[in-house]
Amino acid sequence: KVENMRCLLKFGDSITTDHISPVSRIPKDSHAGRYLEKLGVDAKDFGSYGTRRGNAEVMVRGTFANLKLNNLLVDEMGPLSVHHPTGEQGEIQSIAAKYAEEGVPLVVIAGEEYGQGSAR
């Protein structure tokens, strides 16, 4: 039985595989970029999510990291979400971690064609 779920992401139609798992370059200020930096990797050597697809730690941090992501729960584009009931906005990974600490189950709501297409 799942109770007290919160919506982490709410999308309209046509959220593609590239929105979910981008292949673009890894920004220094992203969760994946900060992870690689902590490992001692220079920003110039981050590469892209596509080239690091075999690294589960990078890909977990890159899920929903597309800069063109349109989460209908927030007013700006990017890998952002909002924590309820506080209203705190931040990166999806940070908001998800906050919910995990609180033991709150999450759901992603999406419209038609969720996950279709291929960026590979």
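The values are calculated or read from the model by the stated rules, or taken from the named source; none is laboratory data. Here the structure is a predicted model, which means the values were calculated and not measured. Positions of Cβ are backbone-derived with ideal geometry, glycine not excepted, and every protein chain shown enters the neighbour counts. Side chains are part of the model used for accessible areas, which takes the heavy atoms of the whole protein and leaves out ligands, DNA and RNA. Shrake-Rupley method; radii C 1.70, N 1.55, O 1.52, S 1.80 Å.
Of the residues I92, N70, V23, the one whose Cα sits farthest toward the positive end of the charge dipole of region 1-107, with +1 on the Cβ of Lys and Arg and -1 on the Cβ of Asp and Glu, is V23. The mean sequence distance of close C-alpha pairs (under 8 Å, at least 6 residues apart), as a share of the length of region 1-80, puts its relative contact order at 34 percent.
Counting only protein heavy atoms and a 1.4 Å probe, tell me what percentage of the chain's accessible area is made up of carbon and sulfur. Ligands and nucleic acids excluded, carbon and sulfur give 50 percent. Rounded to the nearest 20 debye, the dipole size of the chain about its Cα centre is 380 debye, using +1 on the Cβ of Lys and Arg and -1 on the Cβ of Asp and Glu. For the cross-link pairs K10/K44; K38/K68; K28/K68, which exceed 22 Å when the distance is taken from alpha carbon to alpha carbon? Violating the 22 Å limit, Cα to Cα: K10/K44; K38/K68. The listed residues L106, L8, L72 rank as L72, L106, L8 when sorted by accessible area, largest first, using a 1.4 Å probe. Rounded to the nearest 500, the helix-only mean residue ellipticity at 222 nm of the chain stands at -6500 deg cm²/dmol, with each DSSP H run of n ≥ 4 adding -39,500 (n - 2.57). Once divided by 2.2 N^0.38 Å, the Cα radius of gyration of the chain becomes 1.08. Each label was represented as a point 7 Å from its Cα along the Cα-to-Cβ direction; for R34 and E112 these points are 3.8 nm apart. The calculated FRET efficiency for the pair D42 and E3, based on their C-beta separation and a Förster distance of 30 Å, comes to about 0.05. Of interest is the spacing of the C-alpha centroids, which for region 65-120 and region 40-64 amounts to 19 Å. With N as its number of residues, region 65-120 has a Cα radius of gyration that, divided by 2.2 N^0.38 Å, comes to 1.23.
Other residues with beta-carbon under 12 Å from the beta-carbon of I15 carry, at +1 per Lys or Arg and -1 per Asp or Glu, a net charge of -2. Against the longest principal axis of the chain, how steep is helix 92-102, in degrees 0 to 90 to the nearest 10, with axes from Cα atoms? The answer is roughly 50 degrees.
The residues Y35, Y114, Y49, sorted by heavy-atom accessible surface at 1.4 Å with ligands and nucleic acids left out, run Y114, Y35, Y49 from largest to smallest. Once both labels are positioned 7 Å from their Cα atoms along Cα-to-Cβ, the gap between S94 and A56 label points is 2.7 nm.
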